[in-house]
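Below you'll find the structure, written out as structure tokens, and then a few comments.
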Amino acid sequence: MQPDGLVVGGRIDEEKPVAGDARLFWRATWLMEPRQVEEVPSAGRRWFASLESGNIALRAHGDSNTVALTTDGTPEFGWDINAPLFPGTPPRSPWSPGSEWLFAIELDRREVPNFPVVDHLKPDSPYSLFKVQRAGGPMDIAHPHVINVSTREARPLELGDTRDQFFVLMGWLPDGSEVLFARYSRDFKQVEVLAGNPSSGAVRTVICERAQTFVAHQYEVIYYGDTHATILPDGSGVIWRSARSGWNHFYLYGIDGEFKRALTGGEFPVMDVLAVDQADGWVYFTAHHDPKRPYDTHLCRVRFTEDRVERLTPQDGQNHVCLSPALETFTVVNSRPDRAYRTDLHSCDGRHLATLARADITALEALGYRMPEEFTVLAADGQTELWGVMYTPIDFDPRKQYPLIDHLYGGPQLTMAQHDFDLGANSRKRLDRALAQLGYIVISLDARGTPERSKAFQDVVYGNLGRHEIPDHVAAIRQLAQRHSFIDPERIGVWGHSWGGYFAIRAMAQAPDTFRVGVAAAPTSDSRYGFFSEPYLDLPSRASAAYDYADLYPLATAITGKLLLAVGTADPLNNAMKMVHSLIDAGIDHELVVLPGAEHTFRGKNDDYFVHKMVTHFETYLKGR
């Protein structure tokens, strides 16, 4: 934890240079520890913008010194550069095309409560403070501005009262006349695409959309900056992604806000716009285009004047695409859980030009590696098809019975099952395969309430967090055990991290006859702890009963199996301590692993130790060794 975690911006870490002359600086986040991110370059990389002690700082290319662009920032009322906190979406620069203006947000955090994180490894146990926006409580008040780099004038955009709102940058029009950004209501029931004039500060509405539940996943908006909007290259309009039809599809709007037409339609969800070829009239995008395989990702295209979607990737599975700059060809890396990677070159009309590479898995085959298997089951409603992936050990013998471990997440922002051949760049991805080699059947499943399917599939979670997820997992395990005699229905374990830790505890309490052993890493036990639940449960003032049902603490008395909790001391500990207190009050035997200095995501030796404790826990209580 950076000591000035309360500050919007902190020091630059000179020991971690990054490519292109950009340096790193500390940036505050919502509900998480501050992160180091890259300086934001202007066009041509003439200037680099960062944050220092709550103010925006500029540094010229090749210069080690910074110049303050703002000077009025304080630790609790300071500036922020509005850029995605995590990689994953196309970068949207806050710089205007000519580098005259910088879009920035002044954040008033004075009313947001502080949360202490104690460094137990240092003398006198010093502590840091960072802000926690609790469900229904005070939030950062954001004030979007445009800053004239030459005069250093910070011009507020005319938005009126901005309390209980999120603002996310979309980008500048090519001529620099306006900056586009999104405004989300706190409950995520409304989103507006707004255009701000840097010369006058005037703001106009381009698009406004409302929903009965939520218009977007809060997580992808505030952390990844995914606003569902693509500005056309010539600035004449916006491609808008919306689930208004019941499925995510693209809609074309003029920059004046006039609705032009739907670009796509049908019972499949689109995902991301990859490129727009206005000269030839094509939009290239990814979509789960095959209704028989709802998680397969394909490259597709559609004309501006037609709604006939062309699928350009012929093979099923996951297709990771890279389009050439001239939009003449693309490479695609294709795989499935049971099929290794191959890379092909296609023309942008879909014609296959060459196979460039195939993954060599002879070493895996020599080990006797068994490919994972995709499976389908019915949800607890007996009607909805669910998809998952099953891993089996190298020495698998179908005549034996194996204990099963369900690796879940369950939160409404992410899918869990791995639908490509990825062997895992991090331990969470590797663990499914690794645990299987210890003699387990390991599954991951995406129950109702998770994304990337229809809006109705995900809306099951609205107002019902904790109500349907575990019944779906129980139904899936029962069907798999009936289908496969090698699954021992009396030896079922569960584990997960973060929201997965929450659902691991919930599984132990909600279905104790099914889940006998569980591991919950960094669990979020209190539904009111942070604002993450608000889009899915509504605000606590309007949905108190839904929050009460979602809390884990009252469920402690129902746990009968062997539960292990793992928490880091740099992650807010009140969730975990209240859960432990509830377990102690209920007389429930459990294990607690405390990782000194570990943040919400375990890393390095802390992660290694957690994996060791988890493996030991399952070996002891699920296998009985």
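Throughout, read-outs are computed from the coordinates displayed, never taken from laboratory work. Predicted model, so just to flag it, every value in this text is computed and none were measured. Here Cβ is always computed from backbone atoms with ideal geometry, including for glycine, and neighbour counts include all displayed protein chains.
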Check: With the calculation restricted to Cα positions, what are the radius of gyration and Dmax of the range 372-621 in angstrom?
Finding: 17.2, 55
Checklist line | By average C-beta atoms within 10 angstrom, highest first, the peptides 577-589, 450-462 | finding: 450-462, 577-589
Check: So what J values fall out for the range 231-245 if you push phi through Karplus, 6.51 cos²θ - 1.76 cosθ + 1.60 with θ = phi - 60°, rounded to Hz, Gly and Pro as x?
Finding: 7, 4, x, 8, x, 7, x, 9, 8, 10, 9, 8, 9, 4, 8
Check: With a ≥ b ≥ c the root eigenvalues of the C-alpha gyration tensor of the range 513-625, is it rounded (a/c under 1.5), prolate (a/b larger than b/c) or oblate?
Finding: oblate
Check: When the Kirkwood radius is taken over all Cα pairs of the range 283-383, what Stokes-Einstein diffusion coefficient follows at 20 °C and 1.002 mPa s, in µm²/s?
Finding: 139 µm²/s
Checklist line | For the range 42-57, Karplus couplings with θ = phi - 60° (6.51, -1.76, 1.60), whole Hz, Gly/Pro x | finding: 7, 4, x, 6, 6, 10, 10, 9, 8, 10, 9, 6, x, 10, 8, 10
Checklist line | Centre separation in Å (Cα based) which lies between the range 135-163 and the range 55-75 | finding: 18 Å
Next item on the list: Please say if the range 80-203 is rounded, prolate or oblate, where rounded means a/c under 1.5 for a ≥ b ≥ c the square roots of the C-alpha gyration tensor eigenvalues, and otherwise the choice is prolate for a/b larger than b/c and oblate otherwise?
Entry: prolate
Notebook entry, point to check: Of the listed peptides 387-393, 609-615, what is their order by residue-averaged count of other C-beta atoms within 10 Å, with the highest listed first?
Noted result: 387-393, 609-615
Next item on the list: Give the long-range amide H neighbours of Thr329: residues separated by 5 or more places, or on another chain, with amide H under 5 Å away, using H modelled in the peptide plane at 1.01 Å from N.
Entry: Ser324, Cys348
Item checked: Stokes-Einstein translational diffusion, the range 434-541 - Kirkwood Rh over all Cα pairs, 0.890 mPa s, 25 °C, in µm²/s -> 163 µm²/s
Next item on the list: Could you list the trypsin sites (Lys or Arg not before Pro) in the range 267-332 that lie in coil according to DSSP, counting only those with at most 13 other Cβ atoms within 10 Å of their Cβ?
Entry: Lys292, Arg308
Next item on the list: Show that you can apply the helix-only estimate: for the chain, add -39,500 (n - 2.57) for every DSSP H stretch of four or more residues, divide by all residues, and state [θ] at 222 nm to the nearest 500.
Entry: -4500 deg cm²/dmol
Check: What is the set of long-range amide H partners of Asp119 at a cut-off below 5 Å, with H atoms built 1.01 Å from backbone N?
Finding: Tyr127, Ser128
Margin query: List the aspartates and glutamates whose Cα sits under 12 Å from the Cα of Lys623, skipping any in the same chain fewer than 8 residues away.
Written below: Asp488, Glu490
Check: Hey, any idea what Rg/Rh is for the range 168-228, computing Rh the Kirkwood way over Cα pairs?
Finding: 1.01
Item checked: Centroid-to-centroid separation of the range 236-302 and the range 445-469 [C-alpha atoms, Å] -> 23 Å
Next item on the list: Could you rank the peptides 155-166, 542-553 by their average count of other C-beta atoms within 10 Å per residue, with the highest value first?
Entry: 542-553, 155-166
Margin query: Longer than 26 Å from Cα to Cα, which of Lys400/Lys605; Lys131/Lys189; Lys455/Lys578; Lys260/Lys455; Lys131/Lys429; Lys122/Lys562 are they? Say none if no pair is.
Written below: Lys400/Lys605; Lys455/Lys578; Lys131/Lys429; Lys122/Lys562
Check: Using θ = phi - 60° and the Karplus curve 6.51 cos²θ - 1.76 cosθ + 1.60, what whole-Hz ³J(HN,Hα) does each residue of the range 397-403 get, with Gly and Pro shown as x?
Finding: 10, x, 7, 8, 10, 10, x
Note to self: Going by amide H atoms built from the backbone, whose H comes under 5 Å of the H on Leu299, apart from near neighbours?
What the structure shows: Leu312, Thr313
Next item on the list: With the Cα gyration tensor of the chain in hand, convert its eigenvalues to equivalent ellipsoid semi-axes via √(5λ) and list them largest first in whole Å.
Entry: 40, 32, 24
Check: Arg186: net charge of surrounding residues, Cβ under 12 Å, Lys/Arg +1, Asp/Glu -1, itself excluded?
Finding: -1
Next item on the list: Please report the Cα spread of the range 236-350 along all three principal axes, rounded to whole Å, starting with the longest.
Entry: 47, 33, 17
